[in-house]
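Asks: My questions will all concern the structure given below.
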Amino acid sequence: MNRSASAALLLFGVTLRSTSINGFVPPQKKPSLVVFDLDNTLWTPELYQLRKLQRQANAMPVAGKDVELFPGAQRVIESIRSSPELWQNTTFAIASRTKSGPWAEDLLQQFGIKDFFEHAEIFPGDKKAHFQSLKEKSGIPYREMLFFDDNRDGRYGNCVPVSELGVLSVHCPGGIHTEDIFHTGVNKFAEWSGKPNTIVEWDGSISELQSSTPGKLLEGIVKKVIPERRFGFIRYGNRGTRDLFFHFNNLPKGDESVETGDKLSFVIADDPKNGKKMATNIKKISSSSSSPSTSQNQDDANTVNMRVFSMNLPFAALLANGYKTLETRNGTMFTPYSEGTKMLLHVGRRTYPDGDRHLEVMRSGGLSDEEISDLKALPNGFGRGMAVAIVEIGRTFDTSLEERCDPSFQRKVGAFGADSGRRATEIRRVAYLKRGVRVSGQGGVFKARIDKSVIPDGWDVQ
């Protein structure tokens, strides 16, 4: 590593080390090429968000001020540089779809990491094109590549299409904010059979995507609807199945009243505009808001179908106990829902790996370790895999990195600014259910029918 690169990394807060990452020694079987996305994977925010700079002629973002490397990414890069003997048969590359290519190139130089990457494919378009170019230039087959990206699937998804090429893809929705994300990806590569369509999920689990069968009648649940743009996505099959795009043009004529949770039947076909898979011949099987029919069990009159979102501990407990009053995401999960919408809070089965950085944030507000311990705990009878509380959300708004780094904002989120998502949703009020309810967790906002008797007093739900 040259002196200028060392100085640059020290300038941006990287502690130089001569050992492996926190003692991590890579397995014998390692990828020949490790590829990183840039926006919201190696650094934050995404370059398109720097709108003020975009309006200024010849303006360039400043590393460490306008854009910051994620702490985990910083430590991973510097540790690899400090222990090259552990990675002598592995090269590193960039694959980015950003439209701000000159900015990205300049930031890599400012951060002192441009020479770390053997290849850099930085241009808008299909991520598969980046990897086709990487394969040609490096001579490395897809099965020997490992890829890290924050976008999994959907219109802007990268992990799914790249996995279809035969590259092992790691979904890191919060960026490489800790070294553990990199460790997990490398270890999973060593265990991987080389089967295409394989994704390492954010929680370390493995998804093997199913190939879609054109012409076959399938059923699924509407995951997301964007009515103003007249399209949405359908979740079908198991967790490994990619959510499927649908356009209102393919809904039954005269019926565009689909909403999240509706059950649909459909056929998969190729979109003539871009060649991607889409749902056609759509028919509504049932509505998420339909009234119970007379054939249903009488008990349905005593239940309510509610929207649910899932969070892992400790942040689920921090929200349920009233400490966490802002929830941040990089996606648009809460965007479709108006202020005052009520949802259930579900507790996932894992612990979010933030390296206990939330403790520093909470202590900065003057809380004792005993108080923090209480806020991180769920009451007896409430636990993982349960809907534990009802939440009323407020407005959802975009934030800048500077806003997220404000100490008051950080305490409301329970995380440092660089670790937080760019879209914040206010938590207006929250209350524990009268008892925990077992619910199968899903990604995004989903629906679950629960007994009305568990809703706490003072909460009007329909």
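Asks: Taking the condition of being crowded, with 16+ Cβ neighbours inside 10 Å, farther than 26 Å from PHE70 by Cα and of a type in the set (Lys, Arg), how many residues in the stretch 347-402 meet it?
Replies: Number of matching residues: 1.
Asks: What tally of residues in the stretch 91-112 results from selecting those that are in a loop (DSSP other than H, G, I, E, B) and polar (S, T, N, Q)?
Replies: To start, the set of residues in the stretch 91-112 that are in a loop (DSSP other than H, G, I, E, B) comprises 97-100, 111-112.
With polar (S, T, N, Q) added as a condition, the list becomes 98, 100.
Qualifying residue count for the region: 2.
Asks: So in the stretch 131-161, with the set limited to residues that are free of Cβ contacts under 8 Å to residues at least 60 places away in the same chain and either of a type in the set (Val, Ile, Thr) or in contact with a strand residue (DSSP E or B) (Cβ under 7 Å, 6 or more places away or on another chain) (or both), which one is most open to solvent (accessible area, probe 1.4 Å)?
Replies: Among those residues, the one meeting the criterion is LYS137.
Asks: Then there is this: Kindly provide the set of residues from the stretch 181-205 that are more than 16 Å from the chain's Cα centre (by Cα) and in contact (Cβ under 8 Å) with a residue 60 or more places away in the chain, ordered by number.
Replies: HIS183, VAL186, ASN187, PHE189, ALA190
Asks: How many residues does the stretch 162-193 contain that are open to solvent by 20 Å² or more (accessible area, probe 1.4 Å) and in contact with a Phe, Trp or Tyr (Cβ under 7 Å, 6 or more places away or on another chain)?
Replies: Of the residues in the stretch 162-193, 4 are open to solvent by 20 Å² or more (accessible area, probe 1.4 Å) and in contact with a Phe, Trp or Tyr (Cβ under 7 Å, 6 or more places away or on another chain).
Asks: Counting only residues that are over 24 Å from the mean Cα position of the chain (by Cα) and open to solvent by 30 Å² or more (accessible area, probe 1.4 Å), which one in the stretch 439-458 is nearest to ILE221 (Cα to Cα)? Give the steps one after another, and end with the answer.
Replies: Kept after step one, since they are over 24 Å from the mean Cα position of the chain (by Cα), are these residues of the stretch 439-458: 449-458.
Those left that are additionally open to solvent by 30 Å² or more (accessible area, probe 1.4 Å): 449, 451-453, 457-458.
Working: ARG449: 15, ASP451: 22, LYS452: 23, SER453: 27, ASP457: 31, GLY458: 31 Å.
The selected residue is ARG449.
A quick yes/no check of all residues on (1) in a helix (DSSP H, G or I); (2) at pLDDT 95 or above; (3) more than 21 Å from HIS130 (Cβ to Cβ); (4) touching an Asp or Glu at 6+ places or on another chain (Cβ under 6 Å):
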| site | (1), (2), (3), (4) |
| --- | --- |
| TYR48 | yes, no, no, no |
| LEU53 | yes, no, yes, no |
| ASN58 | no, no, yes, no |
| GLU78 | yes, no, yes, no |
| GLU85 | yes, no, yes, no |
| ASN89 | no, no, yes, no |
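Asks: Does LYS223 satisfy the condition of being touching a residue at least 40 places away in the same chain (Cβ under 8 Å), open to solvent by 10 Å² or more (accessible area, probe 1.4 Å) and of a type in the set (Lys, Arg)?
Replies: Yes; evaluated as a whole, the condition is true for this residue.
Asks: Going by the structure shown, is TRP43 open to solvent by less than 30 Å² (accessible area, probe 1.4 Å) and within 16 Å of ASP106 (Cβ to Cβ)?
Replies: Criteria met by TRP43.
Asks: So, one more: How many residues are within 26 Å of PRO407 (Cβ to Cβ), in contact (Cβ under 8 Å) with a residue 40 or more places away in the chain and among the hydroxyl-bearing types (Ser, Thr, Tyr) if we restrict to the stretch 332-361?
Replies: So the answer is 1.
Asks: Another question about this same structure. Is at least one residue of the stretch 16-37 at pLDDT below 95 and either assigned to a strand (DSSP E or B) or on the phi > 0 side of the Ramachandran plot (or both)?
Replies: yes
Asks: Sticking with this structure for a sec: Test each condition in (1) at pLDDT 85 or above; (2) out of contact with any strand residue (DSSP E or B) (no Cβ under 7 Å at 6 or more places or on another chain) for GLY254 and report the one that comes out false.
Replies: So the condition that GLY254 fails would be (1).
Asks: Given the criteria in a strand (DSSP E or B) and either out of contact with any Gly (no Cβ under 7 Å at 6 or more places or on another chain) or within 27 Å of THR328 (Cβ to Cβ) (or both), does VAL186 qualify?
Replies: Taking the combined requirement at face value, the residue does not satisfy it.
Asks: For the stretch 299-342, enumerate the residues that are part of a loop (DSSP other than H, G, I, E, B), open to solvent by less than 20 Å² (accessible area, probe 1.4 Å) and of a type in the set (Phe, Trp, Tyr).
Replies: The answer is PHE334, and nothing else.
Asks: Test of understanding: among ILE122, ILE140, which residue is farther than 30 Å from PHE231 by Cβ and hydrophobic (A, V, I, L, M, F, W, C)?
Replies: Exactly one residue qualifies, and that residue is ILE140.
The values are calculated or read from the model by the stated rules, or taken from the named source; none is laboratory data. The model shown is predicted, which means the values in this text are computed figures rather than measured ones. Using ideal geometry, Cβ is built from the backbone for each residue, glycine included, and neighbour counts are taken over all protein chains shown. Accessible surface is based on the protein model in full, side chains and every heavy atom, while ligands, DNA and RNA are left aside. Shrake-Rupley method; radii C 1.70, N 1.55, O 1.52, S 1.80 Å.
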